[in-house]
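The next block holds one structure in the form of structure tokens; read it before the comments.
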Amino acid sequence: MNIRKVTAADLQLGMSMPWNVYGENGDLLVRKGHMIASPHQISALVEQGVYQDYSADDSEADHHPANLPASAIRKLNAAGQQLAALLPLIEQGVAPQDALGRLERIAQLVASAVAVDADVAVASILHHPQGLPYAIRHSLNSAIIAHLLGQARQLAASEVQCLTLAALTMNVGMLSEHQRLQESSQELSAADRAMVLAHCELGVQRLREAGVRDASWLECVLHHHENEDGSGYPQRLSGAQIAPLARLLALADRYCARVSVRAYRKTMAPNLALRDLLLDANVTVDGNLAPMLIRALGIYPVGTYVRLLNGEVGVVARRGLQSTTPQVETVLCPRSGPLSQTVPRDTRAGVHGIRDALTLAQAAALQAPPLRMEQVWGGRAAA
């Protein structure tokens with residue numbers, strides 16, 4: 001743990017404070033979770049504020065008074081808040097001098113979250129939006145999947161970190177417009193299409209300006225929209241012309257996009273997103289990698305809402321011995337409605353077998369209650 005001075009690079013309008021901020025005399029100035037509402041508040045915090053930085057300390061017991069277990073969600077919260085503060089500065093060409101080190105620490109938080117509990121990290125993609133802008137949340141979610149893919153591919157630790165960093169920064173070339181495009185149901189204008197087509201190259205430029213020199217990292221950002229059949233952009237590469245790490249990043253990016261809520265395209269249940277990528281094999285994604293993603297996540301990825309044969313609605317809590325029979329916690333009974341406590345179900349046989357998977361919207365339409373992750377996964381999902 002370190003005591004750090006608040007800097008302008010740490011803060012932006014509309015963000016929630018990731019830590020308590022204290023004055024130099026020890027008085028509490030702003031509590032964790034407070035929303036920054038004005039430039040004046042930023043100036044005051046930069047002038048007076050300090051905070052306790054735990055991001056580089058993997059042992060959370062030292063600073064949680066109840067000696068709580070390590071939490072994947074707390075690490076992802078910290079990663080998301082730090083990414084939300086840093087990426088806009090990189091996009092604007094005003095990255096702080098320590099931008100590279102800060103990005104590496106964010107990537108380490110993602111790695112640490114996966115190490116604490118990979119199932120919780122995967123479930124967070126569906127159930128823990130954190131109130132972050134879509135562009136930040138999508139990059140963080142893609143980093144989780146990219147990290148898992150790198151491990152499944154048995155890459156060296158340095159390559160897994162490179163892949164994670166590329167996922168965190170892949171859309172910095174269109175960061176400020178990403179939310180607007182996400183919420184629009186209209187066809188792209190000519191100007192927006194040109195912006196989208198240029199964002200990979202602009203992202204590489206902004207990362208170079210921020211001090212990134214890793215050729216593999218920059219190559220991933222440049223080529224994460226190339227397609228196996230040569231129909232992608234910006235260079236219309238195909239097959240073996242696309243670097244292996246860029247192929248992994250493309251797969252993570254496209255999976256996370258398919259399961260997210262988007263105005264311009266129907267949201268897919270996770271199992272259908274995986275099937276869609278498998279059907280797209282050797283067209284947009286590498287045909288050898290799509291099955292690997294399914295093996296890494298399971299047919300029903302953790303966090304998926306499922307409807308059982310008896311009509312109950314539950315959430316996949318853990319992978320089972322077989323990919324078709326995960327461990328499920330029921331959250332909704334067709335007779336009594338939402339349950340105050342989840343009920344474990346064995347999906348291997350009988351009425352508790354899985355009938356189908358649901359999107360979040362479909363589960364909500366059936367009156368499934370909003371999922372509180374700690375209720376299903378315990379302290380490792382504590383916020």
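Of E183, E226, the sequence from fewest to most neighbouring Cβ atoms within 10 angstrom is E183, E226. Restriction of the trypsin sites (Lys or Arg not before Pro) in the stretch 312-358 to DSSP coil positions whose beta-carbon has at most 11 other beta-carbons within 10 angstrom yields R335.
For the stretch 267-383, the Kirkwood radius over C-alpha pairs fed into Stokes-Einstein at 20 °C and 1.002 mPa s yields D = 145 µm² per second. The residue among L358, P244, S323 whose Cα reaches farthest toward the positive pole of the charge dipole of the stretch 225-383, with charges on the beta-carbon of Lys, Arg, Asp and Glu, is L358. Put in order of Cβ neighbour count within 10 Å, fewest first, the listed residues I294, I125 become I294, I125. The length gained on full extension between A156 and D356, counted as 0.36 nm times the residue separation minus their Cα-Cα distance, comes to 68.3 nm.
Counting Lys +1, Arg +1, Asp -1, Glu -1, what net charge surrounds V351 among other residues with beta carbon under 11 Å of its beta carbon? Each step should come with its number before you reach the end.
Numbers: positive: R345, R355; negative: E312, D346.
Taking every other residue near V351 into account, the sum is 0.
In terms of surrounding Cβ atoms within a 10 Å radius of their Cβ, Y51, Y22, Y305 rank from fewest to most as Y22, Y51, Y305.
Phi angles across the stretch 113-119 convert, under the Karplus curve 6.51 cos²θ - 1.76 cosθ + 1.60 with θ = phi - 60°, into 3J(HN,Hα) values of 4, 5, 5, 5, 6, 5, 5 Hz, Gly and Pro given as x. Stretched out straight at 0.36 nm per residue, the stretch from A194 to L279 would grow longer than its current Cα-Cα span by 27.8 nm. Computed from the Cβ-Cβ distance with R0 of 45 Å, the FRET efficiency linking N310 to A383 stands at 0.90.
For a modelled paramagnetic label at Q205, 7 Å from Cα along Cα-to-Cβ, the residues of the stretch 79-101 in reach, with backbone nitrogen under 14 Å, are 91-94.
What is the extension gain from Q179 to N20, computed as 0.36 nm multiplied by their sequence separation minus the C-alpha to C-alpha distance, in nm to one decimal? Don't jump to the answer; show the numbers that get you there.
On the way: separation 159, 0.36 × 159 = 57.24 nm, distance 2.80 nm.
This chain segment gains 54.4 nm when fully extended.
A Förster radius of 25 Å, combined with the Cβ-Cβ distance separating V94 from R31, puts the computed FRET efficiency at roughly 0.35.
Read the figures in this text as sums done on the coordinates, not as results from a lab. Note that this is a predicted model, so its numbers are computed, not measured. We place every Cβ from the backbone using ideal geometry, glycine too, and count neighbours over all the protein chains shown.
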